[in-house]
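For reference, the structure is listed below as structure tokens.
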């Protein structure tokens, strides 16, 4: 779009530009292994979100559960951007009878009052990051945890705080799930969980990488389970285990993560436990079978112990947005 069009735009041009800005903001969304498994199709007053099958990890995410959840985060980012710009948009998810890779459609209906909460979310999006530093500060304040949980619940998903005994159960399940031929990064994360469940005296002092799956590389980090004793671990779960719920869980994760960032709470997602069916079943038992686990999150404060990692690289807009 040229400068003249932006200086004296018609209403359709303004709407289309707002949708393009929303898709660009969605590009900041975190995703499993930084695969960014989404693609947007922009046409007039409509923006469509597609799951890119070629970016689904066939071994660790064969059902596309985590890829769809990642797309849900991008969807929430885009919706927040539109609301922050003063647009009312109708969101239709999982449209029946359409391309199964079409996850959602945003249609701009017209102008609306600017939503202050969405403005804050939009401003927070560029600063949100996966924090792999050790949790060395004070425990998460109950008020902050409640605010994060409320933001997640607003999108039909729940947070369950894992109790010490449940961490032991999860560690035991992770230990049984380890395979000698597994990917080193995947193996390292399960090792992290196994160590987390051991008594303090038994936890080795060596560094263990805690992979949050939001990075373009899997480097060794000076983080061990012993250093995360002050962390709060929560399970993100929903009422059903199907694509629509995975997408909604991503929207809830986005809202909760942005709330956490605003409150100075670090977030590190753990996907390895979710990638093993037996471990997912054990996690479901922890919530008495009332829901299905989607992700485990480590929440905490770093106490500024060491530098934060740089943001993961993002695909350029021209690679994720098709204009028709």
Quick check on the exposure proxy: order 108, 119 from fewest to most C-beta atoms within 10 angstrom. 119, 108
Cα centroid separation - the range 134-153 against the range 27-77, whole Å: 27
Projected area averaged over all directions for the convex hull of the alpha carbon atoms of the range 3-129, nm², comes out at 8.6
Footprinting exposure proxy for 14, 56 (fewest neighbouring C-beta atoms within 10 Å first): 14, 56
Provide, for q = 0.25 Å⁻¹, the log10 of I(q)/I(0) from a solvent-free Debye sum over equal Cα point scatterers in the range 98-163. -1.32
Likely footprinting exposure, 129, 107, fewest C-beta neighbours within 10 Å first: 107, 129
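Taken together, the values in this text are just the output of simple stated rules run on the coordinates, not laboratory data. Just so you know, these numbers come straight off a predicted model, no measurement behind them. Reconstructed Cβ throughout: ideal geometry from the backbone, glycine too, with neighbour counts over all protein chains shown.
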